[in-house]
Amino acid sequence: MIDRLQQFFHRVTSIFRRKKLDHDLDAELASHLELAIEENLQRGLSPQEARRQALIRFGGKQQAIEQHRDARGLPGLEVLIQDLRYAVRALFKNPGFTIAVVITLALGIAVNATMFSLVSAFLLRRPVVHEPDRVVVVTSINPARGFLPDTNPVSAPNYFAWREANNVFSDISAADEDRTVSLTAAQGKPQALPAAAVSSNYFDVLGVAAHLGRTFSEGEDQPGRDHVVILSHELWQRRFGSNPSLIDSTIRLNRENYVVIGVVPASFRLLGFTPQVFTPLTLTVADRATSARKDHNLHVFARLKPGVTLEQARLEITNLARRSEQDFPETEKGWSAAVRTLPDFLVYNFGIRNGLALMMTAVGFVLLMACANVAGLLLARATGRQKELGIRIALGAGRLRIVRQLLTEGLLNALIGGSVALVLAYWGINFVATKMTFNEAISAVPLTLDRNVLLFVLGVSGFSAVLCSLAPALRASRTDINTVLKAESRAASAGRSHSRLRTVLVTCEIALAMFLLIGTGLLIRGLYVVEHQNLGFQPDHLLTAGINLDSARYKDAAQQISFVREIIPRLQHIPGAGTVAVTSDLPATGPGSVRVQIKGEADLSTNQARNARDEVVSADYFSAAEIPVLRGRTFTEMDSATSSPVVVVNQEFVHRHLRDQEPLGKQIRLDVTGPTPKWSEIVGVVANVKNYSEAPDEDPQVYEPFLQRPVSSFSIMIRTKADPNALASDLRSAIEQADADLPLLHVMGMPAVIDLQKGGDVLFARMLGVFALLALIFAAIGIYGLIAYSVGQRTHEIGIRVALGAGSKQVLRMVLLEGLKMTAIGAAIGLAASLPLPKVFAAMFTGLLFSEPRLYFIVPLAIIAVSMLATYIPARRAASVDPTIALRNS
Amino acid sequence: MTAAKLDLLQGTLDLMVLQTLTAMGPLHGYGIARRIEQVSGDKVFLNQGTIYASLVRLQQRGWISSEWGVSSNNRKAKFYSITKKGRKQLSEDAVNWQRLASVMSRVLGMQEGGEQ
C-alpha cells in the first residue's frame, strides 16, 4: 500500500520534472548504445555492423521513451494537460471567437443559475427538523373547489377525534398559525406580530430544541399556565438585541403578561409560515363542540410511528375523516383529509412549484439556444480547422483522441462561461432578491448563491460543454483525411454538411424564440388585462389600515362594536378625510366563501351547494369604496343587534342564486361560525366587485352589517381628498387616542395593497419577458452568424455569379431567401407548438384570460423582421462582392 | 519476431530485473538486459529498450535505487542496485511465481480423459 502511494507520488511529481527526467533518460539510452556498440566491436564486428546490431537489439527508441514516460508519469493526466494547453492556445489565438462563445454561454448559464437560486431556496431547502420525512401534515380537503382545496387546516373537533383514534402517529400536535398578537415592549409603541398558537408538544413532534431557554412543557397549554411565550430568533435579535437574559423575564402580549421561556433556532423556519411569537394553544370544551367543526384553523403536525409508512397513515386518516363525515353530515359532508410529509406539504402549500417549473423550462430553452449558437460557431470553425485535424489524424492521432481534445476545448469554454455566469448570476440573484418582497412568507426565504446553485452551474457548464461541442467533435473525428488534405481550402463540398446541421440548429432556435415570445406575450397580455380591469370600486384616494382587536380588552361583540363606534367619528374628523368605514375584508382582496341557503328552497346536496363570498361591513362602506348601489338600500345605524338581520348582495348573487328574480325581501341564511345563524332579509343590491384585484372573477357576494355581526379583525378605509398617505400619521394618532395599546397593521393606500397582492405576477412576467427577449437575441445572433459564415464561404461562388452577370440585387435576394426559408420553417414550427399555450396557462393561472389572437400575427412578424435584419447585414456584404477580388483570392 | 521466442508476461520482467540485480550486484541498464538474455539462453524476446520502463517503475516503488557511475571500460552509465525493500519483495514474488509455475505445469500436464 505504502509502495503504491509512494509510486503515485513519484508519478505525479514526475509530471513537473519532465525536462530533467527526459534529459536523464536520453543520457542513459545513449550510454546504453555505446556500451552495446563497444561489446559488438569487441566481438569483432565492423563499426557499422556493430552499431546496426546494437540498434536492432535495442528496439524502437521512441517506443522505449514513450513506455518509460507512461510508466513513470500519469498518462491520462498528461494527455489532459496537453489538451488543456492546446485548448488555451486555441482560445487566445482567436479572442473574438472566444469572447463570443464565452458571453453566449455565460448569459445562458447565468439566467439558469438565477432561476435555480429560486428553486434552491423554495423547493430544495429542507425544513430543519428531526427526520423531516417522518413528520407529516394532516389537512382537510374542502369539497368547495378553490385554490389548493386540499390544504385546508383541520377543525379542532376533528383534531381531537383523530388524535385519539389513530394508530399511526407516535405523537401529534396542532398549530393555529394564523394569529396576530400585539407586543408592547417597555416604553415602545405596540407592534402587531404574526403569531402561532401551538400545542405544548409542537416542538417535540418536530424535534426542534430551543436555541435559548426551553420549549413548552406538558400542561402549559392548559388555561392558567399558558402565559408563556417562545420568540422567533429574528424577533429576539431585532427587538431584544439578542439579549440572553430575556429568558424568564416578562413581556406584554395582547395586554397581558407573558413569561419568555425560549428562543427558537435561527434555522427553524417552515416555508410559508412566519410566526414571530409562539404561544401555547389552549383548546377548551367549546372547541370540542359540534359548532366548532366549521372552524378550520389548525395545522396538524404528526410524527409517524416507527415502521408506519405514509401510505398507511393516509389510509387511516382518510378512514377517520369518513367516520367524521358519517357522524356529522351537517358540517362534514364532502370533507375529507389529506396526509403529506412535511417537506412535501410546505412546497405544495406554498404553491410556487408550477410557476418555478415554467420559469425553469423557459430558461432551459434559453440555454439550449445559447448552446445551439455556440455549436454553430464551433461547426463554422471546425470547417476552418479541418485541414489541421486531417493532418493530426494522418500523423496518427486516434479519433477518440481528437474527440477528447475538442471536448476539452468545449469544457474549457464552458467553464470560463460558467465563471462569468457566476458573477452575472450573483447580480441577478441580488436583483431578484430585492424584488421578491411582496409578502412576508416570500421575503422570509433568503435567496443566495448557495452550494446548490454552485453545483448547478458546474453541472450545467459541463452539460453545455458536451452539448455544444459534441456535434462538432464527432463530425471532426469523422474527417476523411484524403478528401480534406486533397481538397482546396474553399471547397464547397466540405462546408455543405456543416451548414446543413447549422441550418437545423438555427431553425430550432427560431422555433424556440417564437414559442417563448408567444408564451410571454400571452402572460403579459393576461396580466395587463387584469391590471387594467375595472375592479368595481375606486381604489385611488383610499387609505387603509388593519386592526386586530385582542380578546383581553375586547371580549365580546358589544365591546368590538363600541370600539368601532368610537373610532369612526374620530377618523372622520381628520382634516382631509371623507367617508370612513370598516370592513372584514378590503374590496378585491378575496373575502372568504360561505354556504348560503335561500328560504323556501330545498337543501341542496354538497356539490350543488350555493356559495357566496361573505364580507362584514360598516354602514358607510359602499359610499367609502364607491361601489354603486343598484337596488334597495345599504346599511344604516339602525341595523343593529336588536333589529332584524339584514344583508346586501351583489348583482352576481341575484343572477346566479336567485335566477334574476326579485331579490328584495328574500330571506337567506349564511352558514357562518358561531351560534345557529338566523335568516336575514336582502335589503339591497350593489354592483359586482372583483374577488381579487389580480383575477377577473366575480363571485356571488353577501355583505353583512358590522353592528349585527361584529368581527375582531378588520380593516379601516378612509376616503381622502388628496394623497391618502398624507393622512397616515393622523390615522395612527386617532387610534392611539382611542386605545394606546392597539397596534395598526400595514397602514397603506389601497393601490399599494393591490400592488402587493399582484407583485409576484408582475415580477414573474417581467422575468419571463427578459428571457424571451434573450431568446430572440440569441436567435438573431444565430441566424446572423450562419448567414454571415455562409456568405463568407461562398465569396468565390458569388464572385463567379457576379462575373457571369448577376446583379447585386439578385445576389441580395438569393441570400435573403436563404435566411427567409429558415425563418419561415422555424416560425411555423414555433407557431404550431405555441397553439396549445393558452390552455396550458389557463390551467396554471386560474382566473387569467389568455386569448390574444393578435399575438399569433405580431410575434411571427417581429421574428421575421428581426431575422431579415440579421440576414440583411451579411447579404449586403455578399451583394457588394467584387468579382475580381473574390476570384483572385483563390 | 521469431515465434520460438517467449513474449514476456506482465510483471515478469520486473521480477527478472530484481533477481538479476540480486545475483550480480549493481548493474547498468544494458548490463541487466544482456544478463537476462544470456541467462534465458536467448529464449526471451526482449527489446532492450523496454527494460527502462521496468526500471523506472521499480525505482518509483523504492525496490531499486540508481546512481550515475563509470563502467569497467570507463564509460559513464547509470547503475542500479536492489534495496532492502526490493529483496523482501523479490523473495515474496519468487515464492508466488514458483507456486504458480508448478500449478501451471501440473494443469498443463493433465492427460485427456482426466487421468494423469
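The values are calculated or read from the model by the stated rules, or taken from the named source; none is laboratory data. From a predicted model like this one, the values you see are computed outputs, not experimental measurements. When we count neighbours, we look across all protein chains shown, and the Cβ atoms used for this are built from the backbone with ideal geometry, even at glycine.
Values as computed for the structure displayed
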quantity	calculated
The range B:23-45 residues that are farther than 25 Å from B:W68 by Cα, paired with ones that are among the β-branched types (V, I, T) and part of a loop (DSSP other than H, G, I, E, B) (beta carbon under 9 Å, 6 or more apart)	B:F45/B:T2
Which numbered condition B:A101 misses (of (1) in a helix (DSSP H, G or I); (2) at pLDDT 90 or above)	(2)
Qualifying residue in the range A:406-428 (condition: small (G, A, S) and touching a Phe, Trp or Tyr at 6+ places or on another chain (Cβ under 9 Å))	yes
Any hit, the range A:180-189, residues being buried (at least 22 other Cβ atoms within 10 Å of the Cβ), part of a strand (DSSP E or B) and out of contact with any Pro (no Cβ under 8 Å at 6 or more places or on another chain)	yes
Qualifying residue in the range A:550-562 (condition: over 20 Å from A:H746 (Cβ atoms), touching a Lys or Arg at 6+ places or on another chain (Cβ under 7 Å), among the aliphatic types (A, V, I, L, M) and not in a loop (DSSP other than H, G, I, E, B))	no
Scope the range A:680-693; condition modelled with pLDDT of 90 or more and out of contact with any helix residue (DSSP H, G or I) (no Cβ under 7 Å at 6 or more places or on another chain); matching residues	A:S680, A:E681, A:I682, A:V683, A:G684, A:V689
Looking only at the range A:750-783, and only at residues there that are touching a Phe, Trp or Tyr at 6+ places or on another chain (Cβ under 7 Å) and small (G, A, S), the one that is farthest from A:I442 (Cα to Cα)	A:A775
Any hit, the range A:651-666, residues being touching a strand residue (DSSP E or B) at 6+ places or on another chain (Cβ under 9 Å) and in a strand (DSSP E or B)	no
Output for the range B:80-94, where each listed residue is more than 10 Å from chain A (Cβ to nearest Cβ), closer than 15 Å to B:G62 by Cα and outside any loop (DSSP other than H, G, I, E, B)	B:Y80, B:S81, B:I82, B:K84, B:G86, B:R87, B:K88, B:L90
Whichever residue in the range A:26-49 is closer than 18 Å to A:Q63 by Cα and either in contact with a Pro (Cβ under 9 Å, 6 or more places away or on another chain) or exposed (fewer than 15 other Cβ atoms within 10 Å of the Cβ) (or both) and, among such residues, is farthest from the other protein chains (Cβ to nearest Cβ)	A:D26
Residues of the range B:37-79 that turn out to be within 11 Å of another protein chain (Cβ to nearest Cβ), outside any helix (DSSP H, G or I) and under 20 Å from A:F9 (Cα atoms), as a count	4
Checking A:H541 against (1) surrounded by fewer than 21 Cβ atoms within 10 Å (Cβ to Cβ); (2) more than 15 Å from A:T720 (Cβ to Cβ), the condition it does not meet	(2)
One residue from A:A421, A:A473 being modelled with pLDDT of 90 or more, under 30 Å from A:N94 (Cβ atoms) and part of a helix (DSSP H, G or I)	A:A421
Unique match (being within 20 Å of B:L58 (Cα to Cα) and more than 12 Å from every other protein chain (Cβ to nearest Cβ)) among A:I2, A:I15	A:I15
A:I781 vs. criteria crowded, with 19+ Cβ neighbours inside 10 Å, hydrophobic (A, V, I, L, M, F, W, C) and in a helix (DSSP H, G or I)	yes
Condition met for A:A695 (touching a Ser or Thr at 6+ places or on another chain (Cβ under 8 Å), of a type outside the set (D, E, K, R), in contact (Cβ under 8 Å) with a residue 40 or more places away in the chain and assigned to a loop (DSSP other than H, G, I, E, B))	yes
Candidates A:L831, A:L820, filtered to the one that is in contact with a Pro (Cβ under 8 Å, 6 or more places away or on another chain) and part of a helix (DSSP H, G or I)	A:L831
Of all residues making up the range A:62-82, the number that are of a type in the set (A, V, I, L, M), within 12 Å of chain B (Cβ to nearest Cβ) and either in contact (Cβ under 8 Å) with a residue 12 or more places away in the chain or touching a His at 6+ places or on another chain (Cβ under 9 Å) (or both)	3
A:V111 being touching a Leu at 6+ places or on another chain (Cβ under 9 Å), outside the structural domain of A:L411 (by TED's automatic domain parsing) and of a type in the set (A, V, I, L, M, F, W, C)	no
Single unsatisfied condition, A:D133 versus (1) of a type outside the set (A, V, I, L, M); (2) assigned to a helix (DSSP H, G or I); (3) crowded, with 23+ Cβ neighbours inside 10 Å; (4) touching a Pro at 6+ places or on another chain (Cβ under 9 Å)	(3)
Where A:G59 falls short, out of the listed (1) within 19 Å of B:G62 (Cβ to Cβ); (2) facing another protein chain (nearest Cβ under 8 Å)	(1)
Which listed residue, of A:A90, A:A64, A:A54, is surrounded by 14 or more Cβ atoms within 10 Å (Cβ to Cβ) and over 27 Å from B:R57 (Cβ atoms)	A:A90
